[in-house]
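**Student:** Can you read through this structure? Questions will come right after.
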Amino acid sequence: MLLVPLSFLVSLLLFVFLVRLLRQGREALGRNRLFVVLIGLYVVQTALVGIRWGYGVIAVLPALPLLASLIPPLSFLAFRELAAEEGAISARDWPHLIPTLCCVVAMLVGFRDPVDLVLIAEFAGYGLALLWLARLGPDGLVASRLDGTLRSYRSLQLTALALIGSAATDMAISLDLLLAGGRHAPAVVSAATTFILLMLGVAAMTAGAEEADDAPEAEPELQAVPLATSADAEVAAALDRLMQGQRLFADAGLNLGRLARRLGLPARAVSNAVNRVHGTSVSQYVNNFRVAEACRLLGATDMPVTRIVFEAGFMTKSNFNREFLRVTGMNPTAWRAAAPREVCSISPLEGEMSRSDRGG
């Protein structure tokens, strides 16, 4: 019976998702290019892990550390791009290739021992760098679409932990080689590498996905923030006028960076103002306007709910239903059935829905 390593199944899963991303068109690929490259790298790496440890083919051995050395910097650059208000990867980022170049030189001169040390330091270092990037919270990912910010943030945390876990696994393997002659190394390498690559793949798939999962997501509780200043109030008021007057909430691709540019302010200043004045995250703040528009359309038109989802600015029906329930306490169909002639207004300050009967 032919043995099919678990790594091959993981590689197939990642490959299927990669094909889905590639079929989304040029615009989607432009937004997710680094995550697409990452997923492609994971597909190749997991397949090679299966060939090496499933069938004992040593010819692929030199490729494994070289491909592995590309994973941490690519992961960091992909999430850094989501956290950047402007700009993307450029020639100035060439130092991120230094670990890979070190591995190439070490392998060319036949001095393999430093390679493992480089990989351990690289995975641990970039894992810590991603945790530092995550300190800003979901609103720190200013280039992430607002209805996907929380998913991207969870992916950032998962990637950081997976990189650090990989470094810890490599250290455990080194100890096994030192103390037990490497008896457990093959099993540990195969299982741990497959699991970590799966975690990284899931993180990249989630961050690079254009559609949300159907599973509900709870917004993280906001940490205690300082009292709003007069400057915060001015920024929040300007944002309120912008949202109401120009209907920016209807743009499904809206992100914090775009809001900040419209106001001519740093993204962090806008995020702080919304957190302090409205007591909510930027994504919830924008979704409050979207739900208000959905309520208006439900009460004033016969438009089908599937169309209202997009008219109100939501990307997926699952996210629309989740946010509608959060704000109104009802699902859209029940709202329309209970009050077909009602309209609603929403206060971005409180995020509460109120109804007013139009009569008739």
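**Student:** Ranked highest first by average number of other Cβ atoms within 10 Å, how do 117-125, 75-83 line up?
**Tutor:** 75-83, 117-125
**Student:** At a 1.4 Å probe radius, which order do His96, His278 fall into by accessible area, largest first?
**Tutor:** On the way: His96 40, His278 15 Å².
Result of the area sort, largest leading: His96, His278.
**Student:** What distance in nm separates the two pseudo spin-label positions at Ala337 and Ala269, each 7 Å out from Cα along the beta-carbon direction?
**Tutor:** 4.9
**Student:** Once the whole set of protein chains is in place, how much accessible area is left on Ile58, using a 1.4 Å probe, in Å² to the nearest 10?
**Tutor:** 110
**Student:** Report the extension gain between Ala168 and Leu136 in nm, rounded to one decimal, defined as 0.36 nm multiplied by the number of residues separating them, less their alpha carbon distance.
**Tutor:** Between Ala168 and Leu136, full extension yields an extra 9.0 nm.
**Student:** So how exposed is Arg307, as accessible area in Å² (1.4 Å probe, rounded to 10)?
**Tutor:** 130
**Student:** Same structure again: Using 0.36 nm per residue of separation minus the Cα-Cα distance, give me the extension gain between Asp113 and Val60 in nm, one decimal.
**Tutor:** Computed gain between Asp113 and Val60 is 17.3 nm.
The values are calculated or read from the model by the stated rules, or taken from the named source; none is laboratory data. Because the structure is predicted, anything quoted here is derived from the model rather than measured. Reconstructed Cβ throughout: ideal geometry from the backbone, glycine too, with neighbour counts over all protein chains shown. Just the protein is used for accessible areas: all its heavy atoms, side chains included, with ligands, DNA and RNA removed. Shrake-Rupley method; radii C 1.70, N 1.55, O 1.52, S 1.80 Å.
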